[in-house]
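Before any comments, here is the structure.
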Amino acid sequence: MKKTLKIFCALLLVAVVVNLTACRKKADTDLLEKVEEKGKIKAGVKYDSKPFGFMDADQKLKGFDVDLVKEIAKRLLGDENAVDFQQVTSSNRIFALNSGTVDVVAATMTVNKKRKKVIDFSNPYYIAGQAIMVPKNSDIHSISDLSGKKIIVVLGSTSEKNIKTLVPEAIIGGFRTYTDAFSAIRSRRGDALTTDDTIIAGFLSEDSNFKMLKERYTQEPYALGFKKSKTTKKFQAAINAIIEDMKADGTLENIRKKWMAQFE
Ligand code: GLU
């Protein structure tokens, strides 16, 4: 090999090694440090789950989860607008965390054992319950009337899984978003819809042709989700401390009242 070629190859090798080390360093960077350095939190929220995360008629993102993240940004970074909100759905929110698209998910997300295996959670900040919604003139009055009926669910939600156990004889129609699921029940492509009472209440506030059945089938403690990694531990601890402060000083209760008191 010519001498110049040898030198070129050696330099190339050095460049590759330096680059790989830099990449590894970047991936290993502590999330809290990264967020503080950038001065922004990338947060995944729902855009169609009123009153927790929804795009209002004025094209502004609003809701309990949105306010919660803004308050966290205010306490962590000194600015409630230091948030880059991104839309997530029930089926893509875990991927959004693990791929690094978002730093945190605040999306009506229930903590449970299965999810705890793949992501980490904050302390809970609200407890919802699974409910069933039907058209007002429906002959479905309780879960026992659902056998053989078509039930609409959102894919990746706890309700999707639970209803299969609760009513094994039901026909399940799965949709990717709440927008699609609600549009399906509106056009009667199903006999009932099941999800959290919070999201049903938000929908009923806009459409009086439906009603929510009284029973609740589960407890759904909502918590913020994080990527399971040692790089996110300090970020998680900082947010948990903020949530606990918000519980102690009444801020969380004020956010709850603002969004949920009208439905409770
Ligand atoms: N809280 C439930 C869940 O985490 C239902 C609401 C949702 O689809 O986000 O699956």
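The values are calculated or read from the model by the stated rules, or taken from the named source; none is laboratory data. None of these values were measured; they are calculated from a predicted model. Because the Cβ atoms are built from the backbone with ideal geometry, glycine has one as well, and the counts that use them run over all protein chains shown. The protein model used for the area step is the full one, side chains on, heavy atoms only, and it has no ligands, DNA or RNA in it. Shrake-Rupley method; radii C 1.70, N 1.55, O 1.52, S 1.80 Å.
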inquiry  = Compute the angle between helix 64-77 and the longest alpha-carbon principal axis of the chain, please, reported from 0 to 90 degrees and rounded to the nearest 10.
reply    = 30 degrees
ask   = Per-residue HN-Hα couplings for segment 169-182, Karplus 6.51 cos²θ - 1.76 cosθ + 1.60 at θ = phi - 60°, whole Hz, x for Gly and Pro?
value = 8, 7, 9, 9, x, x, 10, 6, 10, 5, 4, 5, 5, 5
message = Taking θ = phi - 60°, what integer Hz values does the Karplus form 6.51 cos²θ - 1.76 cosθ + 1.60 yield along segment 137-144, in sequence order, with x for Gly and Pro?
response = 8, 5, 8, 8, 10, 7, 4, 5
note = Long-range amide H partners of Val154, meaning residues 5 or more apart or on another chain whose placed amide H is closer than 5 Å, are Glu160, Phe175
Sequence-distant residues sharing a close amide H with Lys211 (under 5 Å, placed H) = Val134, Lys136
Value of [θ]222 nm, deg cm²/dmol, for the chain, DSSP H segments ≥ 4, -39500 (n - 2.57) each, nearest 500 = -12500 deg cm²/dmol
query = What is the ratio of the Cα radius of gyration of segment 128-264 to 2.2 N^0.38 Å, where N is its residue count, to two decimals?
reply = 1.22
Exposure of Arg256 as accessible area (Å², to 10), given a probe of 1.4 Å and all protein chains = 60 Å²
ask   = What residues have an amide H closer than 5 Å to that of Glu220, excluding those fewer than 5 places away on the same chain, when H is modeled at 1.01 Å from N in the peptide plane?
value = Ala128, Gly129, Gln130
key: Out-of-range pairs (alpha-carbon distance over 30 Å; input Lys117/Lys258; Lys34/Lys258; Lys40/Lys211; Lys74/Lys114; Lys70/Lys116)   = Lys117/Lys258; Lys34/Lys258; Lys40/Lys211; Lys74/Lys114
message = Please give the charge dipole size of the chain, origin at the Cα centre, charges +1 on K and R Cβ atoms and -1 on D and E Cβ atoms. Round to the nearest 20 debye.
response = 1440 debye
ask   = Using the alpha-carbon atoms, what tilt in degrees (0 to 90, nearest 10) does helix 251-260 show relative to the longest principal axis of the chain?
value = 50 degrees
query = Karplus couplings for segment 233-249 from phi (6.51 cos²θ - 1.76 cosθ + 1.60, θ = phi - 60°), rounded to Hz, Gly and Pro as x?
reply = 4, 5, 4, 4, 5, 4, 5, 4, 5, 5, 4, 5, 4, 5, 5, 5, 9
message = For the chain, take N as its residue count and report Rg(C-alpha) divided by 2.2 N^0.38 Å.
response = 1.23
